[in-house]
Amino acid sequence: MKIISFEGVSKIYNSHSIALDNVTLAIEQGEFVSLAGKSGAGKSTLLKLLIAEERPTKGKVLFENKDVHRLPAGELPKLRRQIGMVFQDYKLLPDRTAYENVAYAMEVAGIEDQYVKRDVPQVLELVGLSNRTKNFPHELSGGEKQRVAIARALAQRPDMIVADEPTGNLDPLNTFEIVKLLLKINELGTTVLLATHNKEIVDSLERRVVILDQGKLVRDEEKGKYLIT
Amino acid sequence: MFAAFKRIIKSGWKNFRRNFGLSIAVIGIMAVTLFILSSLLLFDFLTREIVGVIRDKIDLSIYFNTQVAEADVLKARDMLAQIPDIESVTYVSRDQALQAFKIRHAGNDVVTNALEELGGNPLQASLNIKAKSSESYQSIVAFIQGAPFKDSIAKINFTENKTVIDRLNAILRAVQQAGIVIIILFTGLAVLVSFNSIRLAIYSFREEINVMKLVGAPKWFIRGPFVMMGFAAVLFASLVVMITLWIGILWLSPRLASFIPEINSLEFFKQNIFKMFVFQVVTGFVIMTFSTYLAMRKYLKEA
Ligand SMILES: Nc1ncnc2c1ncn2[C@@H]1O[C@H](COP(=O)(O)OP(=O)(O)O)[C@@H](O)[C@H]1O
Ligand SMILES: [Mg+2]
């Protein structure tokens with residue numbers, strides 16, 4: 001079953017910046033897809049369209065068969081809870097501890113306290129941060145911060161995890177750890193869409209690769225490599 | 001629903017504590033705003049009281065010849081009571097006047113003996129008139145001098161320092177009018193300053209608001225804690241203002257009383273302390289919530 005599909009999507013920020021040019025793309029439930037391409041290729045734009053942070057100039061973006069840009073008012077927060085986003089700059093709440101950042105993601109969904117108390121330690125354990133729960137973001141390393149962000153996304157039990165250059169600020173060891181974590185999450189059944197310009201990551205994954213170049217989808221292969229054309 | 005409310009309160013309080021410096025700054029701005037507002041209102045109240053006290057000091061009494069029948073005096077009273085400029089007419093009968101005279105001079109043998117010697121009641125019945133405004137006395141006197149009962153009048157007694165009182169009244173009236181202008185002006189300025197400070201405070205949270213949005217928080221869930229934070233700031237600000245006002249009144253009250261003993265500003269403050277606190281909390285909360293709402297709207301807007 002298709003979880004997301006882009007149908008002839010273009011995004012023009014302004015006349016001299018065409019970020020996406022007629023992109024058509026579908027992702028099946030349970031897939032692990034890498035979205036590769038040079039910096040400026042349009043990867044972030046594609047992801048922003050998916051969570052309706054930006055509107056497409058042309059075309060449709062469907063999530064679970066619903067047009068995300070035609071959602072009734074008030075449905076947007078729900079969409080964003082179904083798609084767990086992970087960013088290069090982590091986007092944690094600076095005055096909340098690791099535990100509170102993860103708990104916040106559950107609280108916004110109106111989940112009862114007893115389940116929050118049960119699940120937060122579990123996901124923090126899953127990402128290997130059981131001993132960091134009371135630390136504030138500024139007390140954590142980059143890799144740890146990114147793991148909090150992933151735990152936060154997981155706590156919402158999303159249908160899909162979307163990561164935009166999650167390893168962009170990390171050293172090779174932490175990069176490897178984060179990618180491993182994403183693979184583990186995928187094995188547990190969650191669809192993963194990983195945007196990156198890191199050739200090594202893409203090549204090591206041996207999963208489906210979609211390559212963007214100057215806003216155009218130029219390659220889409222199962223068990224692909226990041227070939228620079 | 002209740003659970004969400006509890007979360008919002010907790011989260012707002014957390015924000016308040018963990019951004020202590022910012023909270024203190026907002027409390028300060030809010031306190032200055034509320035202080036300006038409350039002290040201007042107090043000032044307005046006090047000048048109003050002073051005008052009242054001074055007005056009460058002016059009065060007009062008509063004394064009737066002793067031969068005039070009580071019924072005629074009462075008729076005159078009823079006639080005067082019809083005049084719209086007159087607030088009240090009080091009848092003091094000859095007996096009441098004598099009673100009061102005796103009490104006033106109790107123990108004074110000379111006066112008591114003289115009274116005895118005269119026999120009967122030498123005192124006159126009188127009507128005590130209070131006008132609604134000090135400007136009306138002139139015309140009331142003119143009316144009395146042309147009234148049908150004018151021949152029964154022994155004398156008209158009108159406070160001599162009327163001109164001084166009139167002048168003081170005019171000054172107070174001017175002060176009051178200026179006060180209203182100042183209240184509007186300063187309140188406007190103070191509200192503007194609070195509004196901008198709150199906008200700046202919210203601006204410093206713009207990244208966090210964006211994160212909350214991306215995590216899928218509904219708008220009300222994002223706004224809630226900021227409203228709570230504002231409410232906490234307003235509560236503290238109101239407390240600070242009440243304490244400051246109390247100290248101010250403690251200082252002012254004896255000084256004002258030595259000048260106008262009829263006004264007990266400390267007592268007034270004590271009696272209205274709760275009302276004033278509620279007034280400040282409500283006013284502060286309205287300003288705060290309105291500013292917060294406007295300031296946050298920009299960051300909560302969807303693309
Ligand atoms: N808000 C924006 N306004 C104008 N141009 C933008 C905006 N965001 C991105 N762009 C442009 O769109 C193109 C694609 O950007 P982006 O999607 O961020 O690429 P990537 O994530 O692959 O590096 C770039 O040329 C970039 O300059
Ligand atoms: Mg990008």
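Every read-out reported here was derived from the displayed coordinates using simple, explicitly stated rules and does not represent laboratory data. Bear in mind the structure is a predicted one, so any value in this text is a computation, not a measurement. Here the Cβ is made from the backbone with ideal geometry for all residues, glycine too, and neighbour counts use every protein chain on show.
With neighbours defined as other Cβ atoms within 10 Å of a residue's Cβ, the residues A:86, B:89 order from fewest to most as B:89, A:86. Extension gain for residue B:302-residue B:290 works out to 2.3 nm (0.36 nm per residue, less the C-alpha to C-alpha distance). Considering only the other residues whose Cβ falls under 15 Å of the Cβ of residue A:188, what net charge follows from Lys and Arg at +1 and Asp and Glu at -1? Neighbourhood net charge equals -2. Against the empirical curve 2.2 N^0.38 Å, the C-alpha radius of gyration of the range B:59-160 lands at a ratio of 1.18.
Pairwise alpha-carbon distances in the range A:2-220 exceed 23 Å for 46% of all pairs. Once each part is reduced to its C-alpha centroid, what is the distance from the range B:275-303 to the range B:105-120 in angstrom? Their Cα centres are 73 Å away from one another. Going from the fewest other Cβ atoms within 10 Å to the most, the residues B:118, B:41, A:62, B:250 appear in the order B:118, B:250, B:41, A:62.
The charge dipole of chain B, taken about its Cα centre with unit charges on the Cβ of Lys, Arg, Asp and Glu (plus for the first two, minus for the last two), comes to roughly 2500 debye. Label-to-label distance for residue A:60 and residue A:138 is 4.8 nm, based on points extended 7 Å past Cα in the beta-carbon direction. Counting Lys and Arg as +1 and Asp and Glu as -1 over every other residue whose Cβ lies under 9 Å from the Cβ of residue A:10, the net charge comes to +1.
Between the residues B:153, B:33, B:198, the greatest Cα displacement towards the positive end of the dipole of chain B, with unit charges on the Cβ of Lys, Arg, Asp and Glu, is found for B:198. Sites listed here are GluC sites (Glu not before Pro) in the range A:198-229 whose DSSP assignment is loop and whose Cβ has at most 10 other Cβ atoms within 10 Å: A:222. Using only Cα atoms, locate the centre of the range B:124-197 and the centre of the range B:202-256, then give the distance between them in Å, rounded to an integer. Spelled out, the Cα-based centre of one part sits 42 Å from the other. Of the GluC sites (Glu not before Pro) found in the range A:111-154, those in coil by DSSP whose Cβ has at most 11 other Cβ atoms within 10 Å are A:112. Taking the charge dipole of the protein assembly as shown about its Cα centre, with +1 at Lys and Arg Cβ atoms and -1 at Asp and Glu Cβ atoms, the residue from B:73, A:195, A:99 reaching farthest to the positive side is A:195. Around the amide H of residue B:86, modelled in the peptide plane, lie the amide H atoms of B:132, all under 5 Å away and 5 or more residues distant in sequence or on another chain. The equivalent ellipsoid of the protein assembly as shown has semi-axes of 85, 23, 18 Å, largest first, where each one is the square root of 5 times an eigenvalue of the Cα gyration tensor.
Positive-end ranking of A:148, A:179, A:86 along the dipole of chain A, with charges on Cβ about the Cα centre, is headed by A:86.
Beyond a 25 Å Cα-Cα separation, which of these cross-linked pairs lie in this structure: B:75/B:132; A:117/B:301; B:102/B:155?
Listed pairs above 25 Å: A:117/B:301.
Summing +1 for each Lys or Arg and -1 for each Asp or Glu among the other residues whose beta-carbon sits under 12 angstrom from that of residue A:170 gives -3.
Using the crude model of +1 on Lys and Arg Cβ and -1 on Asp and Glu Cβ, and no other charge, please compute the dipole size for the range A:2-220 relative to its Cα centre, in debye to 20.
Magnitude of the dipole: close to 360 debye.
Separation of the range A:92-139 and the range A:190-227, taken as the distance between their Cα centroids, equals 31 angstrom. Taken about its Cα centre, the range B:59-160 carries a charge dipole of roughly 120 debye when the Cβ of each Lys and Arg holds +1 and the Cβ of each Asp and Glu holds -1. Angle check, please: helix A:113-126 long axis (alpha carbons) against the longest principal axis of chain A (alpha carbons), in degrees 0 to 90, nearest 10. For helix A:113-126, the angle is close to 70 degrees. Label separation (residue A:188 vs residue B:6): 2.7 nm, computed from points 7 Å beyond Cα along the C-beta direction.
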